[in-house]
Amino acid sequence: MEKTIDILCAGEVLIDFIGHEMNTSINRTKDYHRFLGGSPTNVAVNATRMGLKSVLVATCGEDGLGEYIVRKLKSNHVITSHIRKSDTHPTSVIFVSKSTSTPDFIPYREADCQIEQSQIPNDLLESAKIFHTTCFALSKNPARTTIVESAKRAKSLGLQTSIDINFSERIWPDREEAKQVLKDYLSTNPLVKLSEDDCYRLFAEAKTEDFIFDYFHDLGASTICLTKGKDGVVLSNIDSGMFHQKALPVEDIKDTTGAGDAFWTGFLYAQLLNKNFEETITIAQKLAVLKLQNVGRLPEGIDIQEYLNTDL
């Protein structure tokens with residue numbers, strides 16, 4: 001079958017209510033602005049801004065927020081034919097503090113984890129190049145079982161799998177269960193993205209780079225990308241070894257929410273173009289910088305291809 005879809009994103013779609021005041025706790029935030037959210041949702045939207053074709057497999061509520069989600073996705077040219085509206089679970093929402101560092105959040109999860117096997121048929125998988133998901137999406141059933149089984153089918157059909165290990169104990173209190181589910185997913189040899197904060201939360205303590213890379217390589221992942229904030233990015237590949245790239249300078253950080261999703265969209269985009277790892281990380285970093293300078297998703301009114309070709 002012809003590969004008409006570049007990235008198939010499976011996982012959470014929700015509403016981010018991001019605080020209006022910068023670097024203020026949720027306790028003291030007075031006003032929130034509504035944004036389309038969810039890590040795989042962000043990747044799907046970002047991908048279309050890069051000129052890619054993306055489909056989102058997700059579930060929202062049969063309610064006003066669900067209508068908003070579908071409308072925003074369509075306006076961003078994301079394929080929405082595999083989004084289900086639940087009449088028993090309302091749309092999930094998350095309240096997020098606006099921050100120049102790691103933001104605080106309070107999740108109210110309902111429909112996002114109600115992803116059913118029927119939403120990911122084989123013909124959908126056969127038409128895609130990359131199957132992407134997140135740790136957040138794997139934290140609850142039925143989405144967990146649906147996504148893991150679909151990833152294994154995707155692998156058998158020749159797709160490259162991918163995962164953002166955005167682990168949080170607030171979303172997934174059982175760390176040992178999370179590690180077992182990740183072991184199952186990583187058996188598909190996905191491209192792996194994770195941050196130092198993710199690792200600290202997953203292992204409940206700081207771990208060395210060597211430990212992190214050995215741990216996830218042993219589970220079956222050949223390529224692991226560890227983001228370290230101001231300390232840049234370290235990538236480890238089974239065949240080519242480790243590669244470190246310094247962080248790009250960022251002026252006027254407006255919001256960190258979604259920066260990791262922008263980074264990973266750039267990474268997957270570059271890999272689809274068969275870029276080497278140095279070029280891949282540079283593209284990913286540039287896209288993250290653009291997001292850091294804007295609240296919500298990547299800004300309108302900018303030629304992203306032209307932006308990627310400029311020096312920062």
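The one condition from (1) modelled with pLDDT under 95; (2) out of contact with any Lys or Arg (no Cβ under 7 Å at 6 or more places or on another chain) that CYS9 does not meet is (1). Confirm whether PHE216 is out of contact with any Ser or Thr (no Cβ under 8 Å at 6 or more places or on another chain) and surrounded by 14 or more Cβ atoms within 10 Å (Cβ to Cβ). In short, yes. A single member of LYS286, LYS230, LYS193 is exposed (fewer than 15 other Cβ atoms within 10 Å of the Cβ), among the basic types (Lys, Arg) and either outside any loop (DSSP other than H, G, I, E, B) or touching a Gly at 6+ places or on another chain (Cβ under 7 Å) (or both), and it is LYS230.
Considering segment 242-283, the residues that are farther than 21 Å from SER39 by Cβ, in contact (Cβ under 8 Å) with a residue 12 or more places away in the chain and part of a helix (DSSP H, G or I) include one that is farthest from the chain's Cα centre (by Cα), namely GLU278. Total residues in segment 154-183 satisfying the condition of being more than 18 Å from ALA284 (Cβ to Cβ), open to solvent by 60 Å² or more (accessible area, probe 1.4 Å) and outside any loop (DSSP other than H, G, I, E, B): the figure is 7. Considering only residues in segment 289-312 that are over 26 Å from LEU226 (Cβ atoms), of a type in the set (S, T, N, Q) and in a loop (DSSP other than H, G, I, E, B), the one that is modelled with the lowest pLDDT turns out to be THR310.
Let's see how each residue does on (1) over 20 Å from the mean Cα position of the chain (by Cα); (2) at pLDDT below 95:
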residue: TYR68; (1), (2): yes, no
residue: LYS74; (1), (2): no, no
residue: VAL78; (1), (2): no, no
residue: HIS82; (1), (2): no, no
residue: THR91; (1), (2): no, no
residue: SER97; (1), (2): no, yes
residue: THR100; (1), (2): no, yes
residue: ASP104; (1), (2): no, yes
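Answer with yes or no whether ASP239 is more than 20 Å from the chain's Cα centre (by Cα), at positive phi and not in a helix (DSSP H, G or I). No; evaluated as a whole, the condition is false for this residue. Among the residues making up segment 40-56, a single one is open to solvent by 10 Å² or more (accessible area, probe 1.4 Å) and either among the aromatic types (Phe, Trp, Tyr) or within 13 Å of ALA10 (Cα to Cα) (or both): ASN42. Just one residue in the set ASP63, ASP6 is open to solvent by 10 Å² or more (accessible area, probe 1.4 Å) and free of Cβ contacts under 8 Å to residues at least 60 places away in the same chain; that residue is ASP63. Reported count of residues in segment 22-39, each being buried (at least 19 other Cβ atoms within 10 Å of the Cβ) and aliphatic (A, V, I, L, M), is 1.
Among the residues making up segment 92-112, those that are closer than 23 Å to THR146 by Cβ and open to solvent by 10 Å² or more (accessible area, probe 1.4 Å) are VAL93, ILE94, PRO107, TYR108, ARG109, GLU110.
A Cβ distance below 6 Å, combined with a sequence gap of six or more or placement on separate chains, defines the contacts here; from segment 17-41, residues that are under 25 Å from VAL78 (Cα atoms) reach residues that are among the acidic types (Asp, Glu) and assigned to a strand (DSSP E or B) in the pairs PHE35/ASP16; GLY37/ASP16; SER39/ASP164.
The values are calculated or read from the model by the stated rules, or taken from the named source; none is laboratory data. Just so you know, these numbers come straight off a predicted model, no measurement behind them. Using ideal geometry, Cβ is built from the backbone for each residue, glycine included, and neighbour counts are taken over all protein chains shown. Note: areas computed on protein heavy atoms with side chains; ligands, DNA, RNA excluded. Shrake-Rupley method; radii C 1.70, N 1.55, O 1.52, S 1.80 Å.
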